[in-house]
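**Student:** Below are the C-alpha cells for one structure; questions will follow.
The values are calculated or read from the model by the stated rules, or taken from the named source; none is laboratory data. Note that the structure is predicted; figures quoted are calculated from it, not measured. Note that we place each Cβ from the backbone using ideal geometry, even for glycine, and neighbour counts take in every protein chain shown. To get the accessible areas, we keep the full protein, side chains included, count just its heavy atoms, and leave off ligands, DNA and RNA. Shrake-Rupley method; radii C 1.70, N 1.55, O 1.52, S 1.80 Å.
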Amino acid sequence: MKKLWMVCLLCFAGLHLVAQDLVYSNLKDLLANDGNLVEGLKVEKRTKNNIVLYGGADYRITANNKSMCKYLKNRCFAVQVDTLLYVNCKKLRYKRLRFGAWYAPAMWLNGNIFFYAIPLGSVAASSSVTMDVTLGGTLGDAIAASGLVSKRVCYEIDSSTGKINFVGKERMSVLLAPYPEWQKSYLEENTESARITKKYLLLLKSVEK
C-alpha cells in the first residue's frame, strides 16, 4: 500500500510539472529552450471587434499578478502553454511593419518558427490572400483593412538570422518539394491563407525527423 501511494505521488508530481508553462525573454532563449517556469497563465482568444478597435494578434496571455502581466505584454518573446507555442507579435516586424500587440499561435518546423498573423504590406495586397477583399482608394483601403482583420497568413522566423519571411506559394513549394503529391495538392488550393498553409505545415511536421 505504501508503495502504491508513492507511485501515485510521483505521478501527481509529474503531471504538475508538465502542466507548468514556460516564458522566453528572447529568440535566443527560445531556440535554446531556456525558458522560465511559471504557473497560472491565462490564454484568451480576442474577439474580432477587439482586434478591429485595437489591432494586434489573436491571443491575449495574462497572469495572476501585474508585474508578470506587464512582462508578458511588453518584454516576453514567446510563451509555451502546455504543448502550445505563442509568439509575442509586439516583438516582431515584417519589413519594418508592425504586427501589433499580443500573441500569435506558432509551431516549430525544421528548426524554424512558423506563426500565423494578419497580412501586412505587399502580402495584404495579394489576391490569393485577401480573396474577396479589394484594395483601392482611401475608402477601399479602410474597408479592406477591416476585411483583413479576419484573414491570417503564415510567417517564418529564420532561427539563424531572426528575420521574418512570408510563407507563400514560393516558400511552401520549396518545403513540399520532397513530397510531390502534397506539393501538387497545395498548389491546386490556389490560396496562401493560413488555414491552408497550416494544413500542409502539419503534414510536414508529422514526417519531420
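**Student:** Starting from segment 185-209, take each residue that is of a type in the set (K, R) and list its partners that are not in a loop (DSSP other than H, G, I, E, B), counting only C-beta distances under 6 angstrom and pairs at least six apart or across chains.
**Tutor:** Partner pairs satisfying both residue conditions: K205/L109.
**Student:** Could you go through segment 162-177 and let me know if any residue there is small (G, A, S), touching a residue at least 24 places away in the same chain (Cβ under 8 Å) and in a loop (DSSP other than H, G, I, E, B).
**Tutor:** yes
**Student:** For segment 22-44, enumerate the residues that are free of Cβ contacts under 8 Å to residues at least 40 places away in the same chain and open to solvent by less than 50 Å² (accessible area, probe 1.4 Å).
**Tutor:** V38, G40
**Student:** Here's a check for you: in segment 72-92, which residue that is surrounded by fewer than 16 Cβ atoms within 10 Å (Cβ to Cβ) and not basic (K, R) is farthest from the chain's Cα centre (by Cα)?
**Tutor:** Checked segment 72-92; the qualifying residue farthest from the chain's Cα centre (by Cα) is N74.
**Student:** Tell me whether segment 93-103 contains one or more residues that are open to solvent by 40 Å² or more (accessible area, probe 1.4 Å), touching a residue at least 40 places away in the same chain (Cβ under 8 Å) and closer than 21 Å to D29 by Cα.
**Tutor:** Yes: segment 93-103 contains one or more residues that are open to solvent by 40 Å² or more (accessible area, probe 1.4 Å), touching a residue at least 40 places away in the same chain (Cβ under 8 Å) and closer than 21 Å to D29 by Cα.
**Student:** A follow-up question, please. Could you list, in sequence order, the residues of segment 45-71 that are open to solvent by 30 Å² or more (accessible area, probe 1.4 Å), touching a Gly at 6+ places or on another chain (Cβ under 9 Å) and part of a helix (DSSP H, G or I)?
**Tutor:** N50, Y54, M68
**Student:** Next question. Are any residues in segment 171-186 closer than 23 Å to A125 by Cα and open to solvent by 80 Å² or more (accessible area, probe 1.4 Å), and if so, which ones?
**Tutor:** Of everything in segment 171-186, just one residue is closer than 23 Å to A125 by Cα and open to solvent by 80 Å² or more (accessible area, probe 1.4 Å), namely V174.
**Student:** Another question, if that's okay. Could you list, in sequence order, all residues of segment 45-59 that are farther than 11 Å from V79 by Cβ and touching a residue at least 40 places away in the same chain (Cβ under 8 Å)?
**Tutor:** Hits for segment 45-59 are R46, K48, I51, V52, Y54, G55, G56, A57, D58.
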